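All of the numbers you see were taken from the coordinates with simple rules; none came from a lab. Every value quoted in this text rests on a predicted model; they were computed, and no experiment measured them. Glycine gets a Cβ as well: all are built from the backbone with ideal geometry, and neighbour counts include every protein chain shown.
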Ligand code: URA
């Protein structure tokens, strides 16, 4: 499944501000939150609606409301939390899950150090979030693990993707649509996206 690039001018403008090296930690966080809200609008476009009988001050009507169980936003730690915070601002009733993985430096196998999802997700859509789809290894490992809980559907949302990451993810999880604000040129030898924006976690949390 090809990645969907959400190319709304507001998103593209804010992404450019985020990329600038002089953008401060506070501004970076605010912009990521704003972009995440805007992207959530597109990613949730196909949520099913049902009609509910309500009364306005003037008369009764059958009005649309979102049908089904609340969606679950699943943050891939730690940078996923920046996107999650933005999405929760416009979907405040969403449920939340967290996945923490690190790569063993010797075996290069993804090791899980934290995993918590709502109990039964068999009738829920999961929105897995991580700002940077670089090599795609951690996203694939996270979705491998998440699929064991047998959710109804999964979508993957990132801010920036590398072509290599999109290809790797699509090869392993062709059933999971990818949404991103941009697909950049390539990865460098350290696995950073070029031109990219640097280390999203460090820029968001001011850890470097
Ligand atoms: N993770 C980041 O934070 N930045 C990159 O460019 C690649 C992975």
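Of all residues in the range 53-77 being within 12 Å of the chain's Cα centre (by Cα) and in a strand (DSSP E or B), which is surrounded by the most Cβ atoms within 10 Å (Cβ to Cβ)?
In the first step, residues of the range 53-77 are kept if they are within 12 Å of the chain's Cα centre (by Cα); the result is 72-77.
Adding the requirement that they be in a strand (DSSP E or B) leaves 72-76.
Details: 72: 21, 73: 26, 74: 30, 75: 23, 76: 27.
Restricting to residues being within 12 Å of the chain's Cα centre (by Cα) and in a strand (DSSP E or B), the top hit is 74.
Yes/no per residue for (1) under 22 Å from residue 171 (Cα atoms); (2) in contact with a helix residue (DSSP H, G or I) (Cβ under 8 Å, 6 or more places away or on another chain); (3) in contact (Cβ under 8 Å) with a residue 60 or more places away in the chain:
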residue: 96; (1), (2), (3): no, yes, no
residue: 106; (1), (2), (3): no, no, no
residue: 109; (1), (2), (3): yes, no, no
residue: 117; (1), (2), (3): no, yes, no
residue: 126; (1), (2), (3): yes, yes, no
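Look at (1) outside any strand (DSSP E or B); (2) more than 11 Å from the ligand (Cβ to nearest atom) and you find that residue 202 fails only one, number (2). Hey, any hits in the range 139-150 for a residue that's within 12 Å of the ligand (Cβ to nearest atom) and surrounded by 15 or more Cβ atoms within 10 Å (Cβ to Cβ)? Yes - at least one qualifying residue is present in the range 139-150. Of the residues making up the range 1-52, those that are without any contact (Cβ under 8 Å) to a residue 60 or more places away in the chain, in a helix (DSSP H, G or I) and over 18 Å from residue 182 (Cα atoms) are 26, 27, 30. Identify, please: which residue in the range 1-16 is surrounded by fewer than 17 Cβ atoms within 10 Å (Cβ to Cβ) and touching a helix residue (DSSP H, G or I) at 6+ places or on another chain (Cβ under 8 Å) and is, among those, farthest from residue 206 (Cα to Cα)? This residue is 1.
Restricted to the range 163-191, and to residues there that are free of Cβ contacts under 8 Å to residues at least 60 places away in the same chain and surrounded by 17 or more Cβ atoms within 10 Å (Cβ to Cβ), the residue that is farthest from the ligand (Cβ to nearest atom) is 173. Per this entry, residue 195 is counted among residues that are within 13 Å of the ligand (Cβ to nearest atom) and in contact (Cβ under 8 Å) with a residue 60 or more places away in the chain.
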